[in-house]
1. Hey, can you grab everything whose amide H is under 5 Å from the amide H of His49? Only 5+ residues off in sequence or another chain; H modelled, so Pro and N-termini drop out.
2. Under the definition of Cα pairs under 8 Å and six or more residues apart, what whole-number percent is the relative contact order of segment 52-110?
3. Measure off 7 Å from each Cα along the Cα-to-Cβ vector at Val207 and Ile90, then give the distance between these two points in nanometres to one decimal.
4. With every protein chain kept in place and ligands, DNA and RNA left out, what is the accessible area per residue of the chain? Probe 1.4 Å, answer in Å².
5. Be a star and scan segment 256-274 for residues whose amide nitrogen sits under 16 Å from the point 7 Å along the Cα-to-Cβ vector of Ala339.
6. For the pair Glu330 and His160, what calculated FRET efficiency results from E = 1/(1 + (r/R0)^6), where r is the Cβ-Cβ distance and R0 = 35 Å, to the nearest 0.05?
7. With n ≥ 4 as the cut-off for DSSP H runs, can you work out [θ] at 222 nm for the chain, using -39500 (n - 2.57) per run divided by the number of residues, rounded to the nearest 500?
8. Pairs of alpha-carbon atoms within less than 8 angstrom and 6+ residues apart define the contacts here; what relative contact order does segment 292-403 have, in percent?
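The values are calculated or read from the model by the stated rules, or taken from the named source; none is laboratory data. Owing to the predicted nature of the structure, the values given are computational and were not obtained by experimental measurement. Glycine gets a Cβ as well: all are built from the backbone with ideal geometry, and neighbour counts include every protein chain shown. We work out accessible area using only protein heavy atoms, side chains counted, and drop any ligands, DNA or RNA first. Shrake-Rupley method; radii C 1.70, N 1.55, O 1.52, S 1.80 Å.
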Amino acid sequence: MKMHTGTMMNRWLSAYPREGRVSLSEIPRLAYSELYEDLCQCLREEHFHVASYFGVPGPEGLLLICLVMDDLTGCVRIASYLYGTGGERILPSVTAVHPAMHVFEREIAENFGVPFADQPWNKPLRYAHDRADRLRMMNDYPFYAIDGEALHEVNVGPIHAGIIEPGCFRFICNGEQIVHLEIMLGYQHRGVERLMRETENRLRQAVLSESIAGDSAVAHGTTYAMLAEALSGHSVPESLEIERTLALELERIAIHIADTGALCTDIGYQLGQVACEALRTIVINTTQAWCGNRFGKGLIRPGGTYYPLTESLGELVQKNLEEVKRRFAEVTDDIMDSASVLSRFEDCGVLTRSQAWRIGAVGEAARASGLKRDLRATHPTGAFRSMMHEPVMAAEGDVFSRLKIRLGEVMQSIDYVTTFVDRLKTGKETSPRPDYTLTWASSSLAFACQEGWRGEIVHVALTDEQGRLTAYKIKDPSLHNWMGLALAVRREGISDFPICNKSFNLSYCGHDL
């Protein structure tokens, strides 16, 4: 760890994902004016974005901690501010300058009652059970309203027409055209962060991490395992890192194929739908053959694994993915050759590059708009630390661009998995069994980040003098990208909302926690 001495953020501590832990005493404590100035300055540059920004109550008061990703250097910048030490009760809002900060400031305001001056979107983020203002309830959510004789409102949810999680979508329309969409979530606030804090059972924490977002069990499980190992100073062998990265890419392949099929479903293209359903089944059945669960639950554990990838399993993975690659290439060709399919996807649900940057979009949604955000390239972990990853990119930011990212990443990830299996065959290490006795460092902050299939996942933990958790913060990429969906549907027909929604495929529970 070292203090960064460059021209930007020179007051902040620099840390790297491969280390992942710093002493709380090392974290600079700034005046809010300094924190505000540094954030306003650095976020003008595209290679900076905020990974996490949250409040932690303690004996001294409310401590605000901020982690900023630097995509140029691969480091994470960390600084803090003790609320009220400078006499400020109402804080200038960074969101007023950089809209991407709205999710963080809204959460801090909702949970702790911290007022931000000039906050342009001062609304509850999740309706946490222990929110500061219990009078702010879902029934009185302040939906944005526009007056006009030609305008009408359409409400969808919170009970979804399909077997899916709850969320409320309030459309303002001019005839069939969407003028504005506001998305209200928080209906299944499960208190995952609180549950993580309240148990010292590492196995229970690992199982909780797999349940943050069910379609990202491997990604969140891996992020937790990395954080637990960083916080305990426990190193794992290269074989285990390769197996985890392989599992992450299998998860990416399965979900991208499923989403391709779902997009075909939404436009009535049955051939693409059934073909993708069959191919997804091959991929998730491969994961089940590996660990006994189609979604990879139980595969990732701190310190080791119960399911090392044997040579015979590796050969099965390669054999199955070879078939998936061949057949998915045919599906891709059929989609690209179908004028009726392309006409529904092209120029629909556009999120421009400027919009993606301003809202802090991450993952495939950002890359589809030409914004190069991919932790595998900028903050690599696991097997990606020893290889060069070039993200699949698109530029138009429409439904078709988001589909093209999926099509390209399926093929790319299949090649990666094949390479990882070959590396394991030549390795001499054997992955150890899990270790649930890891003792966590006292008075420390640890973080872990991972590029899940949906985008950037970040976990942050703080411990007290006895090494017990005092805070556990989780960020799923959906936190940033829901606003991208709201912007993308403007000026579209309301009948196009399903394919726009599916092209982002965001997580309700990943947002609600």
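1. Under 5 Å from the amide H of His49 lie the amide H atoms of Met69, Asp71, each far enough along the sequence or on another chain.
2. Once normalised by length, the contact order is 27 percent.
3. Result: 4.9 nm between the two label points.
4. With all protein chains present, the chain gives 39 Å² per residue.
5. none
6. 0.60
7. -13000 deg cm²/dmol
8. 25
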